[in-house]
Amino acid sequence: ANMELATGEIMHEGLPRHEVQRMIKKKEHARDYIASKYQSATLSKEDILQCLYSIADNNAYLRFNRDPVDKMLGYLAQFFNPNAIEGGFSLAITMGLHGARLSHNHQKQYTYASQSMMLWREVSNDMF
């Protein structure tokens, strides 16, 4: 629990300033606790803090780069059937229409969009 608190993001959206400040203090306390507990003759408190900051940076990176792709994959699955056009909403593209250079039916374009986002999700996940 301390590791999650020490490295997790503070989701401040919609929270009053005093609540955010309280969360920051708890996070700082958790980081300090971990660094103090695990420091040794060969591993300084500062080195441990640096590692904790790096993990926190990675968590922030993932939130802003991987998580939106996960959200879009969810939307694709929620709002589109890969095998059928529903409600008149097709993902098909036609060469020459709105700048498209290829023609793909709905099913092929769904697969392309899904695979592209899954690939980018994995690249983003391992980037940092």
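Listed values, structure above:
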{"quantity": "Structure-derived Rg and Dmax of the Cα atoms in Å - corresponding label in [x] 22.2, 68; [y] 20.6, 61; [z] 24.1, 82", "calculated": "[x]"}
{"quantity": "Amide H partners (placed H, <5 Å) of N81, local residues excluded", "calculated": "E86"}
{"quantity": "Cα→Cβ-extended label distance, 7 Å offset, between D47 and Q21, nm", "calculated": "3.7"}
{"quantity": "Backbone N within the stretch 9-30 under 18 Å of label point (7 Å from N59 Cα along the Cβ vector)", "calculated": "9-15, 19-30"}
{"quantity": "Formal net charge of residues neighbouring A77 (Cβ-Cβ distance under 14 Å; K, R +1; D, E -1)", "calculated": "0"}
{"quantity": "Degrees separating the helix 67-79 axis from the principal Cα axis of the chain, which is the longest one", "calculated": "40"}
{"quantity": "Set of lysines with alpha-carbon distance to K71 below 23 Å, sequence-local pairs under 8 removed", "calculated": "K108"}
{"quantity": "Karplus (6.51, -1.76, 1.60) ³J(HN,Hα), θ = phi - 60°, over the stretch 92-100, in Hz, Gly and Pro reported as x", "calculated": "4, 10, 10, 3, x, 9, 6, x, 5"}
{"quantity": "Where V69, V123 fall by accessible area, highest first, once all protein chains stay in place (1.4 Å)", "calculated": "V123, V69"}
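The values are calculated or read from the model by the stated rules, or taken from the named source; none is laboratory data. Keep in mind that what you see is a predicted model, and the values were worked out from it rather than measured. Note that each Cβ is placed from the backbone with ideal geometry, even for glycine, and that neighbours are counted across all protein chains shown. Heavy atoms of the whole protein, side chains included, go into the accessibility calculation; ligands, DNA and RNA do not. Shrake-Rupley method; radii C 1.70, N 1.55, O 1.52, S 1.80 Å.
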